[in-house]
Amino acid sequence: PGSPGNLIQRPGRPAGMSELAVLMRDMLDELKLRRERLDQGITADPLPDFSKLRCAWPTDLNTRTQTFDKLASVTLDAIQVFNSTHSRSDYDTLVGSCLACHQTMCPGPMAAIRPLLLEQSGIEPFSELGGEVGSCEGPEH
């Protein structure tokens, strides 16, 4: 499921979604929940397993590059650190890794990701990996 000829059906998405797009939306929902808890001063639960990030079918098959793999690894490492510390700063580092990947690979969702930051200043998306900016659809409103 989620491959180019076998898209996943979701409400409001009649054309279907790739496996990676579904995973990203699930991650966005999970990060929103963690942000709410951290904002309330409550320890956030660990994030679920997102290890499929590196192998999920993307919307655009050209997305699967060495740059994507590096950025995905950075994000998975940031998830692991956040899951062990549950700290506000490690949460923002994780969100920053998401922004870095989307800045490089798929900028559309950045508008939905940026508000997840707890500290709206001080987190610069990682840019040392470079790469071409790709296109993909933005978030649904």
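The mean sequence distance of close C-alpha pairs (under 8 Å, at least 6 residues apart), as a share of the length of the stretch 1-50, puts its relative contact order at 23 percent.
Ligands, DNA and RNA left out, the 1.4 Å accessible surface of the chain is 53% carbon and sulfur atoms. Spacing of the modelled spin labels on Asn62 and Ile8, each 7 Å from Cα toward Cβ, amounts to 2.5 nm.
The figure for Asp39 is an accessible area of roughly 90 square angstrom, using a 1.4 Å probe on the protein chains alone. In nm, to one decimal, how far is the modelled label at Arg54 from the one at Ser87, with both set 7 Å along Cα→Cβ? Result: 2.5 nm between the two label points. Taking a span of 27 Å or more along the helix axis (Cα atoms) and a mean Kyte-Doolittle hydropathy of at least 0.0 as the rule, the DSSP H helices of the chain that qualify are 66-85. Towards the positive end of the charge dipole of the stretch 6-70, with charges on Cβ (+1 Lys, Arg; -1 Asp, Glu), say which of Thr67, Pro48, Val22 has the farthest Cα. Projecting each Cα onto the dipole axis, the largest value belongs to Thr67. Of the residues Ile42, Ile8, Ile113, ranked by 1.4 Å probe accessible area with the largest first, the sequence reads Ile42, Ile8, Ile113.
Ordered by solvent-accessible area of protein heavy atoms (1.4 Å probe), largest first, the residues Val95, Val81 come out as Val81, Val95. Within the stretch 38-59, list the residues whose amide N lies under 16 Å from a label point set 7 Å along Cα→Cβ of Lys32. Residues passing the 16 Å test: 38-39.
Residues in the chain average 55 Å² of solvent-accessible surface per residue, probe 1.4 Å, ligands and nucleic acids excluded.
Mean residue ellipticity at 222 nm, helices only, the chain: -15000 deg cm²/dmol; runs of at least 4 DSSP H residues each add -39,500 (n - 2.57), and the sum is divided by the number of residues.
Rounded, prolate or oblate, given the Cα gyration tensor of the stretch 1-90, with a/c below 1.5 counting as rounded? It is oblate, given that a/c is not under 1.5 and a/b is not larger than b/c.
The mean sequence separation of alpha-carbon pairs under 8 Å and at least six residues apart, normalised by the residue count of the chain, gives a relative contact order of 20 percent.
The values are calculated or read from the model by the stated rules, or taken from the named source; none is laboratory data. Since the structure is predicted, the reported quantities are computational estimates derived from the model, not experimental observations. Methodologically, a virtual Cβ is constructed for each residue, glycine included, from the backbone with ideal geometry; neighbour enumeration extends over all protein chains shown. Heavy atoms of the whole protein, side chains included, go into the accessibility calculation; ligands, DNA and RNA do not. Shrake-Rupley method; radii C 1.70, N 1.55, O 1.52, S 1.80 Å.
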